[in-house]
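See below for the structure under consideration.
The values are calculated or read from the model by the stated rules, or taken from the named source; none is laboratory data. Quick caveat: nothing in here was measured; it's all calculated off a predicted structure. Here the Cβ positions follow ideal geometry from the backbone for every residue, glycine too, while neighbour counts run over all protein chains shown.
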Amino acid sequence: MNTNSQEPVPHPAQPPVERVDISIIIPAWNEADWLPRTLGAVQRALADLPLSAEIVVVDNASTDNTATIAREHGARVVSEVERQIARARNTGARAALGQVLIFVDADTWPSGELLRAACSALDSGTVCGGGAQVAFEDLDRRLYRSGTALWNALARRFHLAAGCFVFATREAFEAVGGFSEQVYAGEEVAFSIHMQRWGRRHGQRFVVLPEPAVLTSGRKADWYSLWQHLGLLALLTVFPFALRFRRLCGFWYRRPEAKARGRHDDD
């Protein structure tokens, strides 16, 4: 892949071609309200790149019109009926046509600058994948801001990608077997570690880009109280194997819709 290429970016609504440079993969469960903004942001970001691209939305057993909204906004839709985040990501990767795979959450809005930084890192030949520092939209509580700063520091130190934005070459992704389907959450951490090990054997690195940060929603701060966040942290500290049991991962699989705030309008 060469970021100096002058190939035009096909409109996402066009039928997929045989091979593209970049696949943006968005796992989505009941994300009809959030997808318009996310897809709009991704399309604008891709328009800044002289590369061929596609957007793949993985409808992960949604009960709303997630798939319809995704198609209306130009994405290619594939289905994964098993409710598991890692499985949805892997299903999207198998369907994708890109040599570069970029996983973006349905409530996350990467910029063109961030996509260029990811592609530039991969083009260097010394990077097999990575992530970005995270910035939460409208996250005002000091403790949450401190937690975000701590995560970003740990991510840089230990080269751990946040799940809202993960990128990899197809070669490396397939070599490590994608995201672990043994866990129902936190699969991006295991993926980061596996990619680091693969990279060391092949003279490459798994990096967390220093800038720009990726903007994502702070909706879980609205849906769950501070005490619920702290309780989850305590559970995972004492019993990290909880991530192997979906019934213990309700933080990621249950959604208190009545508390969801309306920051998802298309802009």
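Listing for the model above:
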item: Residue within segment 198-207 that is within 16 Å of the chain's Cα centre (by Cα), farther than 24 Å from A28 by Cβ, buried (at least 21 other Cβ atoms within 10 Å of the Cβ) and not basic (K, R) present; result: yes
item: Residue among G92, G125 that is touching a residue at least 40 places away in the same chain (Cβ under 8 Å), small (G, A, S) and in a loop (DSSP other than H, G, I, E, B); result: G125
item: Residues (of a type in the set (S, T, Y) and in a helix (DSSP H, G or I)) located in segment 59-73; result: T66, T68
item: Residue that is farthest from D105 (Cα to Cα) [pool: residues in segment 13-72 that are hydrophobic (A, V, I, L, M, F, W, C) and in contact with a Pro (Cβ under 6 Å, 6 or more places away or on another chain)]; result: A45
item: Filter result for P50 (touching a helix residue (DSSP H, G or I) at 6+ places or on another chain (Cβ under 7 Å) and not basic (K, R)); result: no
item: Residue match in segment 211-226 (condition: modelled with pLDDT under 55 and either surrounded by fewer than 19 Cβ atoms within 10 Å (Cβ to Cβ) or under 25 Å from E31 (Cα atoms) (or both)); result: no
item: A86 part of a helix (DSSP H, G or I) and touching a Phe, Trp or Tyr at 6+ places or on another chain (Cβ under 7 Å); result: yes
item: All positions within segment 169-191 that are crowded, with 21+ Cβ neighbours inside 10 Å and more than 10 Å from C128 (Cβ to Cβ); result: G178, F179, V183, Y184, A185, E187, E188, F191
item: Some residue of segment 106-129 being surrounded by fewer than 14 Cβ atoms within 10 Å (Cβ to Cβ) and over 18 Å from E211 (Cβ atoms); result: yes
item: Of the criteria (1) within 28 Å of S52 (Cβ to Cβ); (2) surrounded by 20 or more Cβ atoms within 10 Å (Cβ to Cβ), which one Q84 fails; result: (1)
item: A88 being modelled with pLDDT of 95 or more and over 25 Å from A117 (Cα atoms); result: yes
